[in-house]
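Only the coordinates and a few stated rules stand behind these numbers; no lab work does. Model, not experiment: these values are computed from the prediction. Note: ideal-geometry Cβ built from the backbone for every residue, glycine included; neighbour counts use all protein chains shown.
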Amino acid sequence: MEATLSAGPRPTALATQVETALREFFASRAAVVNELGTGYREAVDALESFVLRGGKRVRPSFAWTGWVGAGGNPDTAGDGAVMRACSALELVQACALVHDDIIDASTTRRGYPTIHVEFAEAHRGKQWNGDSAHFGEGVAILLGDLALAWADDMLRESGIDAAAAARVSPVWAAMRTEVLGGQFLDISGEAGGDESVEAALRVNRYKTAAYTIERPLHLGAALADADDALVADYRAFGRDIGIAFQLRDDVLGVFGDPAVTGKPSGDDLRAGKRTVLFATALQRADADDPIAAGRLRDGIGTDLTDTEVDGLRDIITRVGAVDDVEQRIATLTARSLEVLDSSSATPEAKAALTEMARAATRRAS
């Protein structure tokens with residue numbers, strides 16, 4: 001993200017500060033981790049590498065910008081408390097990604113083996129007892145749980161004052177419930193074969209939008225003790241941009257370049273993800289091309305060859321689903337920017353959030 005704040009760190013500097021806060025937090029847990037032995041130390045090291053090796057730091061960036069836009073002053077935040085509180089969001093993200101990769105049977109993340117694959121391969125290489133895949137999934141579940149527990153710890157120990165902590169607590173609690181509920185809606189929708197666009201949008205709202213942009217902005221506003229009107233505007237802006245962010249992810253999950261996304265091309269189709277893009281393609285194919293609709297239904301969630309993926313891509317494009325989703329992204333982005341422009345956020349934050357919104361919805365990875 002290229003947005004800047006006049007009184008705050010540039011995005012690259014912000015990412016560096018987030019990563020510094022995360023490294024310091026992991027170091028603070030070294031003594032208790034080391035007591036449990038070498039194996040656990042290696043597992044936690046893998047989690048730390050996963051957290052630090054990539055990612056856009058989207059959530060802390062929106063939280064920090066929300067705080068500045070609501071009157072927070074970076075010049076008086078020298079103790080790093082607000083930055084640590086915002087950075088804790090990356091551990092929530094780590095939990096979601098590690099568990100999501102198990103659920104989707106994904107093999108790579110950011111160009112590296114997923115956590116469950118990494119530990120399955122380690123188990124296999126050591127010729128340990130039992131099933132390697134089961135072991136890898138078990139370790140990944142535990143490390144995802146640890147990331148979520150440590151996110152709570154990092155927020156609690158961030159150093160924000162008691163009043164700010166009391167304001168943030170219900171926002172944080174709602175966010176955790178929403179992201180887990182959104183994941184449930186996702187897997188239950190796939191299992192139940194819900195093909196509706198409405199169901200896919202509901203998953204986007206709670207699985208991604210809420211904890212990616214809407215709640216981070218809300219958290220930043222709560223840290224700054226913003227009024228209800230700004231909180232409402234932030235949430236409306238964040239909800240629309242968060243959904244648009246996920247819609248862009250849906251497109252990349254089918255059409256993205258693996259060299260850029262770090263995931264196999266067409267991964268969402270093989271994983272059986274009932275995205276808005278796929279639901280729209282089905283809806284349109286059912287109306288105009290039943291044979292194409294049958295191919296989509298038969299192909300989703302199967303071990304597709306690259307040629308078969310190309311065939312499904314052609315259908316999705318030909319029936320107009322890509323154009324439909326691109327229009328949704330444009331509409332959501334425009335509506336969110338109107339809300340932001342009329343809000344009481346500072347001019348600098350409005351400019352920053354505008355650029356961040358555009359970066360989030362036009363990205364290639």
Checklist outcome for this item: Calc'd 3J(HN,Hα), the range 45-55, phi into Karplus 6.51 cos²θ - 1.76 cosθ + 1.60 (θ = phi - 60°), Hz, glycine/Pro = x, comes to 4, 5, 5, 4, 4, 4, 5, 9, 6, x, x
Item to check | Anisotropy class of the range 11-362 from Cα gyration tensor, a/c 1.5 cut | outcome: oblate
Checklist outcome for this item: Exposure-ranked with fewest Cβ neighbours within 10 Å first, ARG59, ARG328 stand as ARG328, ARG59
Checklist entry - Got a sec to turn the phi values of the range 182-196 into Karplus ³J(HN,Hα) couplings, 6.51 cos²θ - 1.76 cosθ + 1.60 with θ = phi - 60°, whole Hz, x for Gly and Pro? => result x, 5, 4, 4, 5, 6, 6, x, 5, 5, x, x, 5, 9, 6
Item to check | Likely footprinting exposure, VAL32, VAL171, fewest C-beta neighbours within 10 Å first | outcome: VAL32, VAL171
Checklist entry - When only C-alpha pairs under 8 Å and at least 6 residues apart count, what is the relative contact order of the range 211-305, in percent? => result 22 percent
Checklist outcome for this item: Scoring the chain by relative contact order with C-alpha pairs under 8 Å, at least six apart, yields a percentage of 21 percent
Next on the checklist: Rg over Rh of the range 115-194, using C-alpha atoms and the Kirkwood radius, what does it come to?
Outcome noted: 1.16
Checklist outcome for this item: From DSSP H assignment alone, runs of 4+ in the chain each adding -39500 (n - 2.57), the sum over residues rounded to the nearest 500 puts [θ] at 222 nm at -23500 deg cm²/dmol
Checklist entry - Going by how many other beta carbons lie within 10 Å of each one, how would you line up VAL82, VAL168, fewest first? => result VAL168, VAL82
Checklist entry - For the range 271-323 and the range 190-229, what is the separation of their C-alpha centers, rounded to whole Å? => result 26 Å
